[in-house]
Amino acid sequence: MPVSRRLLLGSSAAAASSFLLPSASARAQDAAPAGARSLSVGTRMLEVKGRAARVFSITDGAGRPGLVLDPGERFRVALANRTEEPTTLHWHGQTPPVAQDGMPDISHPPLPPGGAHAYDFAARAGTHWMHSHHALQEMNLMAAPLIVHGAADRRTDRQEVVVLLHDFSFTPPEQVLAALRAGAHAGHGAQATASPAPQAGAEPRAAEPRAADPHAGHRMGGGGMAGMMGGMMGGMMGGGMPGMMMGGTDLNDHDFDAYLANDRTLDDPEVVRVEPGGRVLLRLINGAAATVFWIDLGALEGRLVAVDGNAVQPIAGRRFPFAMGQRLDIALELPRAGGTFPILAQREGDRVRTGIILAARGAPVRRVAEQAGQAAGAMTLELESRLRAASGAGLAPREPDRRLRAMLTGNMSPYEWGIDGRAWGAHRPLAVRAGERVELTLENHSMMAHPMHLHGHHFQVVAIGGRRMAGAMRDTVQIPPMGAATLAFTADNPGRWFLHCHNLLHMATGMMTEIAYAA
């Protein structure tokens, strides 16, 4: 795929000469450190809705998906590529030295078939995950959980349940992307009116499907304010308003064939046996390529206690929005009477859902409909605006040394995405210096939401729409259409670090830049 290689692996010569790069010695790390855990990338056959598909796998030495590390354990891993194509793995949520981050040709060259690479760095506790950052492999399920226990986890008497969500297509990822770039309407997700999201614990307002041209309101050049005004004026002069001016926003790029929770659909969900009256910690990971979900706890009320591996002041509720790349830790207390409790993930702007079943021993397990009663609404920043970092989890108050701004730009038709109107390869790095407190404001000038992920750092959400707050610590934040958020982080990990949309289809067509430490 020439496009994917250019966009995902390319880097500008100017950036390479002006900013810090890992040294050659830091790149060469093939010998496994003593006591390293084994991790293998391979392939496997998966049955989805009665059809077989070959997908990727990431397994530890015992054949289990992903890794679970003990409190205080370093990330000492020997990675082997047992596939027939090159790959890399990114340790999403970890903050290693840049040479071990897993970014192709910045951290180290892609691992060839049969190749091996070793990693050794201090692990960051929390719910995290690992996934390929090479071409579109992530869309073919090259992802797995990465759970790092802290000391408190061992002291707490509770059952942990890890759920990794995916979207899945029988169509090869390259063909999905090619169809979007060609402007094909088949397989394009529905539009919906972006009404405010409900508070956690409330029922979401149903999305309002639109029968109009699914790309109306996106034919606006660079996707910025000037383009939006031009589109609005053009619609008015033509006798009508473009779709987005009526409140319409595209929620989904592609209609996938299935939505998976731990590799299974609701036709045959995973059933996890739990104890009546017991305590459960749900560690939820949105590993989907291009799907936002609403987590629905049904009859249970949970407490959201951490996001992206960082503790927050608990928020009670039954429904929580969940963007690509994000993680939610939700604490549950089960009824003493026992029972069966579906934990569902419903696709934004749609009725389709997936999930697992928590069931007390002996409790009957009944089939759960794959379609909800009504479509889920759009994810906004409502929950984000109420999140607060737990005591001691946020950044120490400090005036920023540097303020940066980046615009998220692009269109559904033509299918082009970028930052500041530039695709990766023509991007302008955002420069910082070691030791600085940096505030970065992300402004979404497009009519699709973008979950923005920063490598190598965790940031605190300190403003939404200009309103200051001491929000959650995160590594991935959802920026809704025409929304804005300000993120604060300490520049304490020198190198070149990717900042990109975690909608894989947006990233693959250019929505990626870098935070680069000046030499």
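The values are calculated or read from the model by the stated rules, or taken from the named source; none is laboratory data. Nothing here was measured: the structure is a model prediction, and the numbers come from that model. Positions of Cβ are backbone-derived with ideal geometry, glycine not excepted, and every protein chain shown enters the neighbour counts. Ligands, DNA and RNA are stripped out before the accessible areas are found, and what is left, the full protein with its side chains, is counted by its heavy atoms. Shrake-Rupley method; radii C 1.70, N 1.55, O 1.52, S 1.80 Å.
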Original post:
Among TRP294, ALA316, LEU332, whose Cα lies farthest out toward the positive end of the dipole of the range 279-341, if unit charges sit on the beta carbon of Lys, Arg (+1) and Asp, Glu (-1)?
Top reply: LEU332
Subject >> Sorted peptide list for 396-408, 470-482, criterion being average Cβ within 10 angstrom, highest first >> reply: 470-482, 396-408
**OP:** Please get the size of the charge dipole for the range 374-447, origin at its Cα centre, with Cβ charges of +1 on Lys and Arg and -1 on Asp and Glu, quoted in debye to the nearest 20.
**Re:** 240
Subject >> Prolate/oblate/rounded call for the range 356-416, Cα gyration tensor, a/c under 1.5 rounded >> reply: oblate
Original post:
Largest first, what is the accessible-area ranking of SER38, SER57 with a 1.4 Å probe?
Top reply: SER38, SER57
Original post:
So what are the ³J(HN,Hα) numbers for the range 105-113, from phi and the Karplus equation (6.51, -1.76, 1.60; θ = phi - 60°), rounded to whole Hz, Gly and Pro as x?
Top reply: 6, 10, 6, 6, x, x, 6, x, x
**OP:** Using only the Cα atoms of the range 268-427, build the gyration tensor, take square roots of its eigenvalues as a ≥ b ≥ c, and label the shape rounded, prolate or oblate: rounded if a/c is under 1.5, else prolate if a/b is larger than b/c, else oblate.
**Re:** oblate
Subject >> Alpha-carbon centroids, the range 340-362 and the range 59-105: separation in whole Å >> reply: 29
Subject >> P(r), alpha carbons of the range 431-519 - 5 Å bins starting at zero, rounded % >> reply: 3, 15, 25, 25, 19, 11, 3, 0
Original post:
In whole angstrom, how far apart do the alpha carbon centroids of the range 493-519 and the range 381-442 sit?
Top reply: 10
Subject >> Surface accessible to a 1.4 Å probe, per residue, for the residues of the range 32-95, Å² >> reply: 47
**OP:** Before anything else, pin down the relative contact order of the range 355-503: Cα pairs under 8 Å, at least 6 apart, normalised by residue count, whole percent.
**Re:** 25
**OP:** Hey, can you grab everything whose amide H is under 5 Å from the amide H of THR83? Only 5+ residues off in sequence or another chain; H modelled, so Pro and N-termini drop out.
**Re:** GLY114
